[in-house]
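Reading through the structure tokens given below for one structure.
The values are calculated or read from the model by the stated rules, or taken from the named source; none is laboratory data. Quick caveat, the model's predicted, so the values are computed rather than measured. Cβ sites come from the backbone with ideal geometry, for glycine too, and all protein chains shown count toward neighbours. Note: areas computed on protein heavy atoms with side chains; ligands, DNA, RNA excluded. Shrake-Rupley method; radii C 1.70, N 1.55, O 1.52, S 1.80 Å.
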Amino acid sequence: MAEVGTSKLRLMVVDDEADNLDLLYRTFRREYQVFRAESAIAALKVLEAEGEMGIIISDQRMPKMNGTELLSRVAEQFPDTIRVLLTGYTDVEDLVDAINSGKVFKYVTKPWQPEELRQVVQQASETYRLVKNRTETLNQSLRRESIFNEVMTAIRESLDYNSMLQTIVATVGQTFEADACLLHPVERLNLAENLDASEGAAEVQVMPSQYAFFSPDVEQDSEKIDRTGEGLAVDEGGKPIQHVADKTIPYTRLVLPLTSQKKTLALLVLYRQTGRSPWSESDQDLLEAVAGQAALAMSQAGLYQRIQKQTEQMQAELAVARQIQSNLLRQELPLLEHARIQACCRPARAVGGDFFEVYVHPRGDVWIGVGDVSGKGVPAALFMASAISVLRRELSQDSPPDPNQVMQNLNSSLMEDLVSSNCFITLALARYTPQTRELVYANAGHVYPFVWNNQARGKNDGAIADPTYLETRGVPLGILPIWKAANQTAPSDNRLVLEPGSVVMLASDGVTEATLNSSPAFQGEMLQASGFWKLLCAHQRKHSLDLSQVLHYIQSHSSIQEDDQTILSLEVL
């Protein structure tokens, strides 16, 4: 390429007349590095040997190949070269051909005026330098963008924190032609315990490098490069520092801080062996830009890694909490001669607020209940544990009160905590006395329990008779200071006698509000109480009542479980 700096620009003069060639040479030899050619073919040989010229002045009329043909070839091989055509003829066709094929800068007629030709060449020289400078700037920008995109794409494709650090080292080392590249993480030691240290002060420590890249030329001698990080200083937000190889060190070292939010996360150190040129200022500027983005990616990856670890720890803790919560529920249901009890509970998350209770009192009464704490997750699970504890305390008394009084006692015990946490509990509770087959129930804002008899079927179609909904109900626990059944007008409103074959069903709203999107029988509608009963009837036409299968059907036909789901049944034998 012709020099475009402060040195002389290369100029070629081409003419088949020796006198003209000498005159042109003498005219420009002081300001330019002049090459001569006595023909177009000789000019092409000079170009092949010497490379690009800044300016070519060519005669038009020459044997074997004229000036237009020569300049058209030059335009193809060296498009930036400025082309000037000389001719003693003012042929319009030659002029048009020179402009179109040779893409000439100026067309000068013979005999020329020396001063005029000097001005033309000076103008051509300025044009060439401007074009080359802009081309070089554009090429540098394209190179910067290409390298930057290549490095950042490689970094962002890394799957985890450690692989990202190794990718940064390998990609930067290869892209910027380093013989070795090391990454030293920077750790901060809290000095709060040091009485002389100011509040919030921290000492930074450069750690040994676990992430390294070595070119094939130095891979066998990689142990000679210090990986301990000793002697490396951290300058928060500092610029790249280059130590050029000399008699004291056998390599050029470039220390590049990876800084995010004014904190240095690591030091990237690049090495070049003695004899290789140091990194240029443009390379250092590009490295600094790459380091900024790499530090940002490194910071985000570190944050993601910490969140991932916290998530894993939380999931492990939730698994333990789920096991503890599951253990709070009855793991084995009692086997009774006079009744068959089933219960299933499926939280929507790891833990939930639904619960059930089955308690057989020493005197023979059987207590059943299903409750639902408002909300989901851990807060609801904590209140669920508290509610079960208080409920079992009430039911385990020598002479437990009736269900309404149990509700009042629960409300009194849990009221303060529920109100302060803006929570409430719905609960359906029933006591079944086998000797009299009497069922007494209380309902604190819960889904209506219902009762049906499997033995009461239609004479013609064998269909089970519609259920009886137990509609005496009060407000949820934690709403009013004193709980009572709002619509109970007589003591017998919450009592009934069960016949053999009768089934009492208790469910949480996660069951009745489930949407079965993939069930053709329900066509994506919410079950509600009527749909739940329809589902139970369809199930019992094929099987004996199995609540685990019923709940499995609901969950398998729902796109997502939005709420905890609990069902409990007591069947009189």
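³J(HN,Hα) across segment 511-516 via Karplus (A = 6.51, B = -1.76, C = 1.60, θ = phi - 60°), whole Hz, x for Gly/Pro?
7, 5, 9, 5, 10, 8
Counting only heavy atoms of protein chains, what accessible area per residue, in Å², does the chain have with a probe of 1.4 Å? Provide the component values of the computation, followed by the final result.
Values: 30290 Å² over 573 residues.
Ligands and nucleic acids excluded, the result is 53 Å² per residue.
How large is the dipole of segment 236-321 about the Cα centre if only Lys and Arg carry +1 and Asp and Glu carry -1, each at its Cβ, rounded to the nearest 20 debye? Write out the running numbers ahead of the final one.
Working: 9 positive and 8 negative charges, 43 e Å.
In debye, rounded to 20, segment 236-321 gives about 200.
Given N residues in segment 478-550, what is its alpha carbon radius of gyration divided by 2.2 N^0.38 Å?
On the way: Rg = 16.6 Å, N = 73, 2.2 N^0.38 = 11.2 Å.
After normalising by residue count via 2.2 N^0.38 Å, the value is 1.48.
Just name one of 441, 526, 510: the one whose Cα is farthest towards the positive end of the charge dipole of segment 415-542 (beta-carbon charges, Lys/Arg +1, Asp/Glu -1).
The Cα lying farthest towards the positive end belongs to 441.
In degrees from 0 to 90, rounded to the nearest 10, what is the angle of the helix 67-77 Cα long axis to the longest principal axis of the chain?
Helix 67-77 sits roughly 30 degrees off the main axis of the chain.
Relative to the first principal axis of the alpha-carbon coordinates of the chain, what is the inclination of helix 547-556, with its axis defined by its Cα atoms, in degrees from 0 to 90 and to the nearest 10?
Once rounded, one gets 30 degrees.
Would you work out what percent of the accessible area of the chain, with all protein chains in place, is carbon or sulfur (probe 1.4 Å)?
Details: 14740 of 30290 Å².
That fraction is 49 percent.
With +1 on the Cβ of every Lys and Arg and -1 on the Cβ of every Asp and Glu, and nothing else charged, how large is the dipole of the chain about its Cα centre, in debye rounded to the nearest 20?
On the way: 52 positive and 74 negative charges, 227 e Å.
That gives the chain a dipole magnitude of about 1080 debye.
List the aspartates and glutamates whose Cα lies under 16 Å from the Cα of residue 263, skipping any in the same chain that are fewer than 8 positions away.
187, 203, 235, 236, 288
What's the extension gain from residue 322 to residue 134 if we count 0.36 nm per residue and subtract their Cα-Cα distance?
Details: separation 188, 0.36 × 188 = 67.68 nm, distance 6.80 nm.
Length difference between fully extended and current span is 60.9 nm.
Can you list the HN-Hα couplings for segment 364-379, worked out from phi with the Karplus curve (6.51, -1.76, 1.60; θ = phi - 60°), rounded to whole Hz and with x for Gly and Pro?
Listing the rounded values in order: x, 5, 10, 9, 10, x, 10, x, 8, 7, 4, x, 9, x, 5, x Hz.
Quick one: helix 114-156 against the long Cα principal axis of the chain, what's the angle to the nearest 10°, folded into 0 to 90?
Taking the Cα atoms of the chain, the angle to 114-156 is about 20 degrees.
With n ≥ 4 as the cut-off for DSSP H runs, can you work out [θ] at 222 nm for the chain, using -39500 (n - 2.57) per run divided by the number of residues, rounded to the nearest 500? Walk me through the intermediate numbers first.
Values: 12 runs with 214 residues, N = 573.
The helix-only estimate for the chain comes to -12500 deg cm²/dmol at 222 nm.
Using mean Cβ contacts within 10 Å as the protection proxy, how do 67-74, 467-474 order, highest first?
On the way: 67-74: 22.4, 467-474: 17.9.
Highest-to-lowest ranking by the protection proxy: 67-74, 467-474.
May I ask you to list the lysines whose Cα is less than 20 Å away from that of residue 542, ignoring any residue fewer than eight positions away on the same chain?
Answer for residue 542, where 20 Å is the Cα cut-off: 459, 534, listed by chain and number.
Considering only 430, 477, 113, whose Cα is most displaced toward the positive end of the charge dipole of the chain, charges sitting on Cβ of Lys, Arg (+1) and Asp, Glu (-1)?
Projecting each Cα onto the dipole axis, the largest value belongs to 430.
Determine one quarter of the surface area of the Cα convex hull of segment 261-347, which equals its mean projected area, and express it in nm² to one decimal.
Details: hull surface 43.1 nm².
Quarter of the Cα hull surface area: 10.8 nm².
Given axes a ≥ b ≥ c from the Cα gyration tensor, I'd like to know whether segment 434-518 is rounded (a/c under 1.5), prolate (a/b larger than b/c) or oblate. Please report the intermediate quantities before stating the final value.
On the way: a/c = 2.73, a/b = 1.30, b/c = 2.09.
Oblate, because a/c is 1.5 or more while a/b does not exceed b/c.
Once you sort the root eigenvalues of the Cα gyration tensor of segment 291-388 as a ≥ b ≥ c, which label holds: rounded (a/c under 1.5), prolate (a/b larger than b/c) or oblate (the other case)? Show your work: numbers first, answer last.
Details: a/c = 4.87, a/b = 3.86, b/c = 1.26.
Prolate.
Which of rounded, prolate, oblate describes the chain, given a ≥ b ≥ c as roots of the alpha-carbon gyration tensor eigenvalues and a/c under 1.5 marking rounded, otherwise prolate only if a/b is larger than b/c? Write down the numbers at each step before the final one.
Details: a/c = 4.99, a/b = 2.81, b/c = 1.78.
In terms of gyration-tensor shape, prolate.
Go through segment 525-537 residue by residue and turn each phi into a ³J(HN,Hα) via Karplus (6.51, -1.76, 1.60, θ = phi - 60°); whole Hz please, and just put x for glycine and proline.
8, 5, 4, 6, 5, 5, x, 5, 5, 4, 5, 5, 5
Can you list the lysines whose alpha carbon is less than 28 Å from that of residue 224, not counting same-chain residues fewer than 8 positions off?
The qualifying lysines are 239, 247.
Under a plain spin-label model, where a point goes 7 Å from the Cα along Cα-to-Cβ, how far apart in nm are residue 420 and residue 475?
2.1
Relative contact order for the chain using alpha-carbon pairs under 8 Å, separation at least 6, rounded to a whole percent? Spell out each step's value before the answer.
Working: 1017 pairs, mean separation 47.1, N = 573.
For the chain, the relative contact order is 8 percent.
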